[in-house]
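Comments concern the structure below.
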Amino acid sequence: MGWFEALVLGLVQGLTEFLPISSSAHLRVTAAFAGWDDPGAAFTAVTQIGTELAVLLYFSRKIGRIISHWFKSLYNREYRHDPHARMGWLIIVGSLPIAVLGLLFEDQIEHTFRDLRITATTLIVFGLLLLLADRIGQQQRDLDHLTVKHGLAFGFFQALALIPGVSRSGGTITGGLFLGYKRADAAEYSFLLAVPAVMASGFYQLADIASGEGPAWGPTILATVVAFGVGYVVIAWLMAYIKKNSFLPFVIYRVVLGLILLALVFAGVLDPNAGPVES
């Protein structure tokens, strides 16, 4: 992987990680259209560390309180029912599904699920599910209504994003809307819930960088830094946008992109496994 390729992919990662359009799908599609090798699951996971650092910065005060109050709740009864300590436990609970399923389906995530036909199909299907959830969800609950049961439900929707095209934020927000949460609250919990899962995945995949056919350290670091800067701007924009607007533009974009991908694959213009990483 060259420096220009890393710059472009870092920009794509930062632009798409928090929008409900699937960053992993866009990294995969960008590489396919450009004629580059598939950047691979390891590169995707490591560059997502950059976007999660953007989450840590944007929500720094809230995350600081969550971590502090959660630790205090371990030995101080006064904090057992504190909302920030409770959120800490709910983030842990919501992270369990993706941790378990990520390990169980590691091989499929790195190979089978990266087929462009699967990516295109999930872009369309989960785009339509997001539209349905946005239309029929009551959008009356805020994060004070979050329960362990709901946290697990959010977590299972997040785990679906192990398949490129689903979208981590899109899948989790869809689940939240179906549960009756407001757009901004579903998005906020989605971003907070992603931090431990993405960080763990990124550090777990570090060993695959610069090994075998994996990308080199230099370009990977560049892409991660770019993703951090761009991702921070996108978070701020999206949190303001969804307070007054629906997800319809993102749904339209997902469906159109998915249909274009399917047409190009079935027309023989794109190989469904374009640019595979040699195993």
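What the table below lists for this structure:
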item: Computed label-point distance, nm, for sites residue 132 and residue 108 using a 7 Å Cα→Cβ extension; result: 2.1
item: Virtual spin-label span in nm between residue 96 and residue 243, 7 Å along Cα→Cβ; result: 3.5
item: Whole-Å distance, taken between Cα centres, linking region 99-159 and region 13-30; result: 15
item: Probe 1.4 Å, accessible area per residue of region 149-279, Å²; result: 42
item: Apportionment of accessible area to carbon and sulfur, region 143-217, percent (1.4 Å); result: 64
item: Listed pairs 149/243; 62/149; 182/244; 149/244 exceeding 21 Å between Cα atoms; result: 149/243; 62/149; 149/244
item: Cβ-Cβ FRET estimate between residue 56 and residue 152, R0 fixed at 25 Å, reported to 0.05; result: 0.60
item: Kyte-Doolittle mean at least 1.6, axial Cα span of 18 Å or more - DSSP H helices of the chain; result: 116-136, 217-241, 248-266
item: Value at 222 nm in deg cm²/dmol, rounded to 500, when DSSP H runs of n ≥ 4 in the chain each add -39,500 (n - 2.57); result: -23500 deg cm²/dmol
item: Gained length - residue 75 relative to residue 221, 0.36 nm times residue gap less alpha-carbon distance; result: 48.7 nm
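The values are calculated or read from the model by the stated rules, or taken from the named source; none is laboratory data. This is a predicted model, so every value here is computed, not measured. So basically every Cβ, Gly included, is an ideal-geometry build from the backbone, and we count neighbours across all protein chains shown. Surface accessibility is based on the protein's heavy atoms, side chains included, excluding ligands, DNA and RNA. Shrake-Rupley method; radii C 1.70, N 1.55, O 1.52, S 1.80 Å.
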